[in-house]
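To keep things clear, I will list the structure first and then write my remarks on it.
No value in this document is a laboratory result; all are computed from the given coordinates. Since this is a predicted model, take the numbers as computed values, not measurements. Positions of Cβ are generated from backbone atoms using ideal geometry, with glycine treated the same way; all protein chains shown enter the neighbour counts.
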Amino acid sequence: MHDEKQAQIDRMIMLYKSGRTTGEVAREVLVSRQTVVRYLKLFGIHDASFNPMRGRTAAIGLESDIARLYTDGLSSCEISLHYGISESTILRALRRSNVSIRRHKNEIYCANKR
């Protein structure tokens, strides 16, 4: 039993280090997200600085690039896919940069493009 648990923990660590979010790791390993976070912290791995292209932290450093791409005509969805950051995070970065948000024009919902 101990070997199975260690193999599961090793898999969680490997998946997280490959760039998956804790939620994605949890779904794949069939445990709760909190369990993934607990083991990552236990092994000194769960750190916001580990994966700089994750979530709001990444968008803060990229706000000027995000604003430029958006004003150059890319959609929030296209920028989201480019950086691997959620569309809602991209939209927050645009609002913080005082960029007017365009309405979607017959674009398929961004989550369907991932």
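Some notes on this structure:
- Under 5 Å, built H, 5+ apart or other chain: amide partners of SER86: GLY55
- Note: relative contact order over region 2-42, using C-alpha pairs below 8 Å and six or more positions apart, is 34 percent.
- Taken one residue at a time, the phi angles of region 84-100 give Karplus couplings (6.51, -1.76, 1.60, θ = phi - 60°) of x, 10, 4, 4, 5, 5, 4, 5, 5, 4, 5, 5, 5, 8, 6, 9, 5 Hz. Gly and Pro are set to x.
- The string of couplings for region 63-76 from the Karplus curve (6.51, -1.76, 1.60, θ = phi - 60°) is 3, 5, 5, 4, 4, 5, 4, 5, 5, 7, x, 5, 7, 4 Hz, one whole number per residue in order, with x for Gly and Pro.
- Integer Hz, Karplus 6.51/-1.76/1.60 couplings in order for region 35-45, x for Gly and Pro: 5, 4, 4, 4, 5, 4, 5, 4, 9, x, 9
- Summary of packing: across the peptides 62-69, 17-24, the per-residue average of other C-beta atoms within 10 Å ranks them, highest first, as 62-69, 17-24.
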